Amino acid sequence: MRQFGTLRRAGKSADAVSAVGGTSRVGDCPRCPTMSPKTRFSLARLASAALVWTVSLASCGVLHAQSSDTVAYWRFESATAGREVAPERVIEDVSGHGNHLRTFDAGTAPMFVESTHWKQVPQTRRANRIAIDNGARPARPFATRDLYLAPENASFDLVNGELNHWTIEASVNFKSGEGWERRWETFVGRDGYNVPRRDALHEDPLSNLGFKKRGDTNCISIEAFDSTGAYVTVQSKETVKPDVWYDVAAVSDGRTLKLYVKGPDDREMVLQGEQPFQGALANGGGEWTVGRGCFAFNPTEQMIGLIDEVRISSAAVTPDRFLATPLTGTVPSDEETGPPATQPAASQPTPPTHPVPSTLIHPHDPVLVREGDTYHVFASHGGLFHWRSKDLIHWESVAPVMKSAPQWAIDKIAPDPGIWAPDVGYFNGRFHLYYSLSRFGSQRSAIGLMTGATLNPDDPKYGWADEGAVVESNRGDDFNAIDPAFVLDQSNQPWLAWGSFNQGIFISRIDPDSGKLVGETTNIAARPGNTALEAPHLFFRDGYYYLVVSYDFCCRGARSTYKLVMGRSKEITGPYVSREGKPMLDGEATLLLRSHDFCIGPGQSSTVEGFGKWYLAHHYYDGRRNGEPTLALRDLYFDEDGWPLVGEPYAEMAGQNKEIAGEIVPGRFRVQSDYIDAGEIELVPGNLLKGMLGDGSYALDRRTRQVTLQTSSASGGKRLQCFMSLDGDTMIGRTSDGKIIRAVRIGS
């Protein structure tokens, strides 16, 4: 869990990033809000440009021209002033496309307010009385965004497509108050944690689009990356004033980005500026948000004011068709009406899912430990919490280890330090539980230690003794003293690794008698120019020490970009290198696991060897459950070169306690390359292979659960060795060039 290094944003001033002592940080799980389902969108299928007529405000029969290129349009006339937007409630998309707005968290939810505009709504000629008041600052130090787009229309999916032509329109009113002239206030944005795209490992934490008031000029600005990676900014010539309504529009036709503004003294939208904008909006696969900036933990990007009439279009809308341009014709009476019924979203085929046990737990930063025939998980959960299981599927909660920080940490580190990210090791006859202590936004951190004779709370000898601090960090140090990772070397000497952002991951020997650090501290992994790595984990197998770390950003629910990457070394102090032999100190690594399907932001891992198998534990943010942190326990396989591959979460497999009977059940499989959809294959009766890999054959070794996919000489004569899940529905393997191949059954 994570303390961030200084974040860099092209084209932004230093004031645009909240930083403390060179680091900024999202809170740990207990203080993180429950966030959204996975919301990534594509406009590739919205190619139709025909003008259609739809009913808006259907109950009074008002007609207005609405292009089929409208993706989403929100207005709030059916809302009740003074009512908050509840997390479970959507704000209807009145275009009928099913792309609703939903709040991230009740603690930061905006409120509907009655507020008459300076203008009348063009479509109805009546004063727009209801808007969203985004003015209340949340109590938590790093705010989440207020509203995100919750698409129900599968065509709004930018993961698989690009937005070539687009328009954003909104009505905005910035509130006056202290700091108004210094605040950067984003009212419509889209995240893009892969902008410009580099590769599966190195994703730049940049927003790919922000429509905002710039705090350094008080001008309206539209800022975005185009398909070439150029960061383009168009800023209004005139400054805006507080407590005044403005209509704004940003338009790109794939060649030029234009900005229009209509103020209280303007009769029509005025072109404020334009800049070359080549090709599509850079595809970061992020979310559209309303009322918040590009980083959830940066409160300076929050809009403090009113928002209404927001429309997103997949076309370069001309000024005569802007929302702020009145239509001609007869207008019905001024009557309060609600939005039309939402059109049903197009259904898309999805892989089968299995019931998840009700005992599945939802920790953050889990560590998996085995004592005898019982597995234990210790994790961040409002303190240090503890669960146990016999089968890695059904979990029992036991008494927490710690709910609040010890007095020495309150005295030395902070009045209210957070507690998270434990690890547990056994040596010198006792269990040693190392854990993190820090305060949001601070490098003043420590790793604490508790020891105990057993993990079994039913044993009379059970109990934890506070042993104080193991290592501390202060502002300006090379490392941040959080995220401990315990490992025994080949001679049973205990070691501790740690680190989050800054200059990376460090390791030092542990004194077996005291459990504290002794000897030299060694830097074993870094990420120059990015710093977004943390949460180390180490294990030894067949002559190699494996170092697994989490790249990028946790704690953002279904917007999290965490991924697990790894390197290995013959020596515990390194050098750790990737599969290609490139050093982890240079920011190189080999991918182990990244976001896919509902499993968002997998990170903070641990491993256990037991009963002839290896297991990997980690948390992820469940895209099906509002981004709730969730435990995953997986089989850990090793390819022919000894590099790990991960199986499916045990709780997600229907036949997790059954072996495959006979041969593989033939069927169609969706194929992912490095967890990105790449095509399909079909296993045909008679052990025949067809599909994207080419024609060939397949065979199953039931003893090892390995499936060999062999293409014919006409299809390249390639061989791929995969491991099949216990239920026979997924396969995982690695190509000769290092790509992870995952295949998921989608039909028989």
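The values are calculated or read from the model by the stated rules, or taken from the named source; none is laboratory data. Note that this is a predicted model, so its numbers are computed, not measured. Using ideal geometry, Cβ is built from the backbone for each residue, glycine included, and neighbour counts are taken over all protein chains shown. For accessibility, only protein heavy atoms count, side chains too; no ligands or nucleic acids. Shrake-Rupley method; radii C 1.70, N 1.55, O 1.52, S 1.80 Å.
Brief remarks follow.
Residues are listed down the side, and each one gets a yes or a no for (1) assigned to a strand (DSSP E or B); (2) open to solvent by 10 Å² or more (accessible area, probe 1.4 Å); (3) out of contact with any Phe, Trp or Tyr (no Cβ under 7 Å at 6 or more places or on another chain):
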| residue | (1), (2), (3) |
| --- | --- |
| Val234 | yes, no, yes |
| Lys237 | yes, yes, yes |
| Tyr246 | yes, yes, yes |
| Ala250 | yes, no, no |
| Gly254 | no, yes, yes |
| Leu259 | yes, no, yes |
| Pro264 | no, yes, no |
| Gly273 | yes, yes, yes |
| Gln278 | no, yes, yes |
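- Count of segment 510-556 residues, restricted to those that are assigned to a strand (DSSP E or B) and either under 25 Å from Trp614 (Cβ atoms) or among the hydroxyl-bearing types (Ser, Thr, Tyr) (or both), is 22.
To keep it simple, each residue is scored yes or no on (1) open to solvent by 40 Å² or more (accessible area, probe 1.4 Å); (2) under 30 Å from Thr103 (Cβ atoms); (3) of a type in the set (Phe, Trp, Tyr).
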| residue | (1), (2), (3) |
| --- | --- |
| Gln493 | no, no, no |
| Pro512 | yes, no, no |
| Cys555 | no, yes, no |
| Ile572 | no, no, no |
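- Taken together, the residues in segment 595-605 that are in contact with a strand residue (DSSP E or B) (Cβ under 7 Å, 6 or more places away or on another chain), outside any strand (DSSP E or B) and surrounded by fewer than 22 Cβ atoms within 10 Å (Cβ to Cβ) amount to 1.
- Selection count where residues are open to solvent by 10 Å² or more (accessible area, probe 1.4 Å) and in a strand (DSSP E or B), scope segment 606-632: 8
- Every listed requirement among (1) open to solvent by less than 10 Å² (accessible area, probe 1.4 Å); (2) in contact with a Leu (Cβ under 7 Å, 6 or more places away or on another chain); (3) not β-branched (Val, Ile, Thr) is met by Ala481 save one, (2).
- Residue count for segment 148-192 under the criterion of being of a type in the set (D, E, K, R), at pLDDT below 85 and over 14 Å from Cys219 (Cα atoms): the result is 6.
- Meets criteria (surrounded by 23 or more Cβ atoms within 10 Å (Cβ to Cβ) and part of a strand (DSSP E or B)) for Gly567: yes
- Hits in segment 646-687 (condition: at pLDDT 85 or above and basic (Lys, Arg)): Arg668, Arg670
- Pro649 within 24 Å of Arg527 (Cβ to Cβ), open to solvent by less than 50 Å² (accessible area, probe 1.4 Å) and touching a Phe, Trp or Tyr at 6+ places or on another chain (Cβ under 9 Å): no
- Looking only at segment 421-443, and only at residues there that are assigned to a loop (DSSP other than H, G, I, E, B) and at positive phi, the one that is surrounded by the fewest Cβ atoms within 10 Å (Cβ to Cβ): Gly429
- Only one of the numbered conditions (1) among the aliphatic types (A, V, I, L, M); (2) in contact with a Pro (Cβ under 8 Å, 6 or more places away or on another chain); (3) over 23 Å from Phe378 (Cβ atoms) is violated by Leu645, and that is (2).
- Checked against (1) in a strand (DSSP E or B); (2) surrounded by 24 or more Cβ atoms within 10 Å (Cβ to Cβ), Leu592 passes all but condition (2).
- Hits in segment 466-482 - residues which are polar (S, T, N, Q), part of a loop (DSSP other than H, G, I, E, B) and without any contact (Cβ under 8 Å) to a residue 40 or more places away in the chain: Asn474
- Condition check for Asp727: free of Cβ contacts under 8 Å to residues at least 60 places away in the same chain, more than 21 Å from Ile676 (Cβ to Cβ) and of a type in the set (Asp, Glu): no
- For segment 662-676, the criterion of being touching an Asp or Glu at 6+ places or on another chain (Cβ under 7 Å), part of a loop (DSSP other than H, G, I, E, B) and open to solvent by 40 Å² or more (accessible area, probe 1.4 Å) is met by none of the residues.
- Residues in segment 444-465 that are over 35 Å from the mean Cα position of the chain (by Cα) and not in a loop (DSSP other than H, G, I, E, B): Gly452, Ala465.
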